[in-house]
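Below you'll find the structure, written out as structure tokens, and then a few comments.
The values are calculated or read from the model by the stated rules, or taken from the named source; none is laboratory data. Keep in mind that this is a model prediction, so the values were computed, not measured. Please note: Cβ atoms are built from the backbone with ideal geometry, for glycine as well, and neighbour counts cover all protein chains shown. For accessibility, only protein heavy atoms count, side chains too; no ligands or nucleic acids. Shrake-Rupley method; radii C 1.70, N 1.55, O 1.52, S 1.80 Å.
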Amino acid sequence: MTTETDRKMYGNDLQGRFEGNAERNDFLTASKVEDKVGLCLSGGGYRAMLYHTGAVMRLNELGLLPTLSEVASVSGGSITAALLALAWPSLRFDESGVASNLTDAFVGPVTRFATVSIDLRAILLSLLPGVHAADEIAKAYDRHLFHGATLQDLPDTPRFTFMATNLQTGSGWRFAKDYSADHRVGRIDRPSIPLSQVVAASSAFPPFLSPVRIPLARHGVAPMPGADLHRPPFTVEAVLTDGGVYDNLGLERVWRRCRTILVSNAGGSTPEIGRPSGRWIGQIFRTLRLIHQQAEDSRKRLLFGVHNLKQRKVAFWSIDTPISAYGVPNAVAFADEATGRAATIRTRLNRFSPSEIGLLLQAGYAGADASLRARGIAANLPPADFSRLPIDLPTTRVARGPSLTDPSNAPPAPHARA
């Protein structure tokens, strides 16, 4: 976070502010890093929601859920995070850190919601005067998932942070139980904002489900160091879009506070096109996707860079990375072809079939298992086994695929293997 002292010394020059914090001996110039574990859940609609659910199931089997201090999420990942947060107080952890009731308390609500279509209806209703798609999405979230819950219904630990993008400032709005803030506008302490509205803002895919407008005046926006826009209209209303516009991996808070970073990425990469459209509209959409991809790849390089410098320990699993690429022994059998199918499933908020739900749960479960073991964060105990997943799933055969060679997509080199 930029302090007022930084601004006085270096103005708005980004390079100058980094130079001014060089004494911190941290590539990200973070001043609050502690020996804590943080989990980041990317965007990607229902695809991400289900992929991350599979990953959380494997984290639970390995006894890692109670070690989490931070959970940060964007877009579809925020649906998963919000349901996990509401379930957290009821989870029954044993002496090994395994929640025996995770399926009933968390996985079941996720998979049931994945059979409900909400995006198209919201878009069609928005054609009516005075109706906004973002409001309809928030209503659907509250009706099916959150039932009136607010940020104050979340647990204190771990800290759940939901990211949205502020269209007014270009910064990120961070929503959590203790406070919500845009560092350029100010902060709201102990906000009582409905969880449905927060998740709708985090998953407000532009332009169809965006923007979400959150009135701020009644919550009281307090100034904070560096808040150069602490004035109307910025303190009156927040105009927000999908958190993935700002940071589709949900890294911003976690990599500045946690020494160990677990990243579950269901965003996928931009596909190649042999004959791009020459029409203006086609070029606009293609260019926007490429810009988004380059921004995400830049964050990956920073993430893997601090890992290689041993300033953080990173476990990164991605929906488009074959399990064979992690190089771990006795990996759960998940074919490279199945990875390809999972990575090309749509990212909408519409009904998923049982086979799609099963495939994505498998993909997230297998990815988390392989990455955590490749990084030496977990051993294969208990051994990964799809039979423990709570629905009937198709079996897949393991297939050896080529190693990843693109450093922007490959997981960081492991320190040790379990």
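If I stretch the segment between Glu95 and Arg231 completely, what's the gain in nm (0.36 nm per residue apart, minus their alpha carbon distance), one decimal?
On the way: separation 136, 0.36 × 136 = 48.96 nm, distance 5.03 nm.
Gain on extension, Glu95 to Arg231, equals 43.9 nm.
Write down the Kirkwood hydrodynamic radius of the chain, to one decimal in angstroms, obtained as one divided by the mean of 1/r over all alpha carbon pairs.
Working: mean 1/r = 0.0459 Å⁻¹.
Across the chain, the inverse of the average 1/r is 21.8 Å.
Please give the peptides 81-87, 25-31, 284-290 ranked by average Cβ packing (other Cβ atoms within 10 Å per residue), highest first, as a rough proxy for protection. Walk me through the intermediate numbers first.
Working: 81-87: 24.4, 25-31: 14.9, 284-290: 12.0.
Result, highest mean first: 81-87, 25-31, 284-290.
Search the structure for amide H atoms under 5 Å from the amide H of Trp173, placed 1.01 Å from N in the peptide plane, and list their residues when 5 or more places away or on another chain.
Answer set, sorted by chain and number: Ala164, Thr165, Asn166.
Using +1 at the C-beta of Lys and Arg and -1 at the C-beta of Asp and Glu, which of Gly250, Val71, Ala138 has the Cα lying farthest in the positive direction of the dipole of the chain?
Of the listed residues, the answer is Gly250.
Obtain the nm distance between the two label points defined at Thr115 and Arg289 by a simple spin-label model: each point lies 7 Å from its Cα along the Cα-to-C-beta direction.
3.2
Quick check: convex hull of the Cα atoms in the stretch 230-269, volume per residue, rounded to a whole Å³? It would help to have the intermediate numbers written out before the result.
On the way: hull volume 3.8 nm³, N = 40.
Per-residue hull volume (Cα only) is 96 Å³.
For the stretch 246-253, in order, what is each residue's ³J(HN,Hα) by Karplus, 6.51 cos²θ - 1.76 cosθ + 1.60 with θ = phi - 60°, in whole Hz (x at glycine and Pro)?
Whole-Hz 3J(HN,Hα) from phi for the stretch 246-253: 8, 7, 6, 9, x, 7, 3, 6.
Please identify the trypsin sites (Lys or Arg not before Pro) of the stretch 89-174 that satisfy two criteria: DSSP loop assignment and at most 14 other Cβ atoms within 10 Å. Which are they?
Numbers: sites: Arg92, Arg112, Arg121, Lys139, Arg143, Arg159, Arg174; in loops: Arg92.
Within the stretch 89-174, the qualifying trypsin sites (Lys or Arg not before Pro) (loop, at most 14 other Cβ atoms within 10 Å) are Arg92.
Report the normalised scattering of the stretch 120-230 as log10 I(q)/I(0) at q = 0.10, 0.19 Å⁻¹, calculated by the Debye formula with identical scatterers on the alpha carbons.
Log10 of I(q)/I(0), two decimals: -0.30, -1.00.
Just for the Cα atoms in the stretch 155-197, what are the lengths along the principal axes, largest first, rounded to whole Å?
Principal extents (Cα only, largest first): 30, 19, 17 Å.
Using amide H atoms built 1.01 Å from N in the peptide plane, name the residues 5+ places from Tyr179, or on other chains, whose amide H lies under 5 Å from its own.
Answer set, sorted by chain and number: Arg190.
Roughly how many Å is it from the Cα centre of the stretch 124-140 to that of the stretch 145-162, as a whole number?
24
To two decimal places, what compactness ratio does the stretch 45-153 give when its Cα radius of gyration is scaled by 2.2 N^0.38 Å?
1.19
Over the stretch 106-174, with the other protein chains present, what is the accessible area per residue in square angstrom, probe 1.4 angstrom? Could the numbers behind the result be given before it?
Numbers: 2930 Å² over 69 residues.
Accessible area per residue: 42 Å².
Express in nm, to one decimal, how much length is gained between Leu124 and Asn25 on full extension, taking 0.36 nm for each residue of separation and deducting their alpha carbon distance.
Values: separation 99, 0.36 × 99 = 35.64 nm, distance 5.21 nm.
The Leu124-Asn25 span can extend by a further 30.4 nm.
If you line up the Cα atoms of the stretch 283-401 on their principal axes, what length do they span on each, largest first, in Å?
42, 40, 24
Order of 175-188, 238-251 by packing, highest average Cβ count within 10 Å first?
Going by the mean number of other Cβ atoms within 10 Å, highest first, we get 238-251, 175-188.
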